[in-house]
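To start, the structure itself, in structure tokens.
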Amino acid sequence: NVATRIKEFREQMVPYLADPSWIVLCGDETRITWEAIVRRVWLLKGKQSVLKVHREHEAQNFLGFLNLKTGKPLLYPIPWQNQREVIKVLNLVIKKYPGKRICLVWDNAKFHKGKLIRKALEKSLSSYFLINFPPYAPDTNPQEHIWMWSKDQIANVQFHSLKDLSRVFRSIVMSRIYSYRI
């Protein structure tokens, strides 16, 4: 039963949220895509018009975290959503919270449980304790709500480049404190 698993999951979080020596982060990845559409038509009198379309698209991946104690987000651009890139970011997060233990709560993506991550948890990431959200419960992750809200803010807006889109997206994500809870 999903409801029972979510209840048990929430109970598992209580000690970490109460202990000041622990930081509790919810994490997730997302991807934004910039697409440029250039249209051109030449209308000659008496001739059929031809519409030529040139499409380009580029994408940027992000790894984001929500600190459940402060409501402050963290956002890191990453070239790919894979174990190597995630490990690099997790090492940066450790530096942000020196002397703290970090309880990281995230989904069940395969690369969250891979060999490289497990190996890093034994060495450079030993200050982390990982908890996975219950399967089939994506709405439980507050970071998903941040992605949804932030993407709504950039929907139907034309940007000149991926760089501009990424800058605005980052600004939107980082612009507020979030009261989302597990």
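The values are calculated or read from the model by the stated rules, or taken from the named source; none is laboratory data. As the structure is a prediction and not an experimental result, all values here were calculated from the model. Here Cβ is always computed from backbone atoms with ideal geometry, including for glycine, and neighbour counts include all displayed protein chains. To get the accessible areas, we keep the full protein, side chains included, count just its heavy atoms, and leave off ligands, DNA and RNA. Shrake-Rupley method; radii C 1.70, N 1.55, O 1.52, S 1.80 Å.
Do the sum for the chain: with -39,500 (n - 2.57) for every DSSP H run of n ≥ 4, divided by all residues, what is the mean residue ellipticity at 222 nm, to the nearest 500 deg cm²/dmol?
My calculation for the chain gives -11500 deg cm²/dmol from helical runs alone.
What order, most packed first, do the peptides 149-160, 167-178, 22-33 have when packing is the mean number of other Cβ atoms within 10 Å of each residue?
22-33, 167-178, 149-160
From the P(r) of the chain, could you give the percentage of C-alpha pairs in the tail past 30 Å?
The proportion of pairs with Cα distances above 30 Å equals 29 percent.
Across segment 109-114, in residue order, what do the Karplus-derived ³J(HN,Hα) couplings come to in whole Hz, using 6.51 cos²θ - 1.76 cosθ + 1.60 with θ = phi - 60° and x for Gly and Pro?
Each residue's phi maps through the Karplus curve to give 4, 4, 6, 7, 10, x Hz.
Which lysines have a Cα less than 26 Å from the Cα of Lys100, not counting those fewer than 8 places away in the same chain?
Lys69, Lys72, Lys88, Lys113, Lys115, Lys119, Lys123
Give me the 1.4 Å probe accessible area per residue for the chain, excluding ligands and nucleic acids, in Å².
Per-residue accessible area for the chain comes out at 62 Å².
Can you run phi through the Karplus equation (6.51, -1.76, 1.60; θ = phi - 60°) for segment 5-10 and list ³J(HN,Hα) in whole Hz, with x for Gly and Pro?
Values per residue, Gly and Pro as x: 5, 5, 4, 5, 4, 4 Hz.
Between Asn156 and Lys47, what's the calculated FRET efficiency when r is the beta-carbon distance and R0 is 30 Å? Round to 0.05.
Calculated transfer efficiency: 0.35.
Could you work out what % of the accessible surface of segment 42-182 is carbon and sulfur, using a 1.4 angstrom probe and leaving DNA, RNA and ligands out of the count?
Summing carbon and sulfur atoms, their accessible area is 55 percent of the total for segment 42-182.
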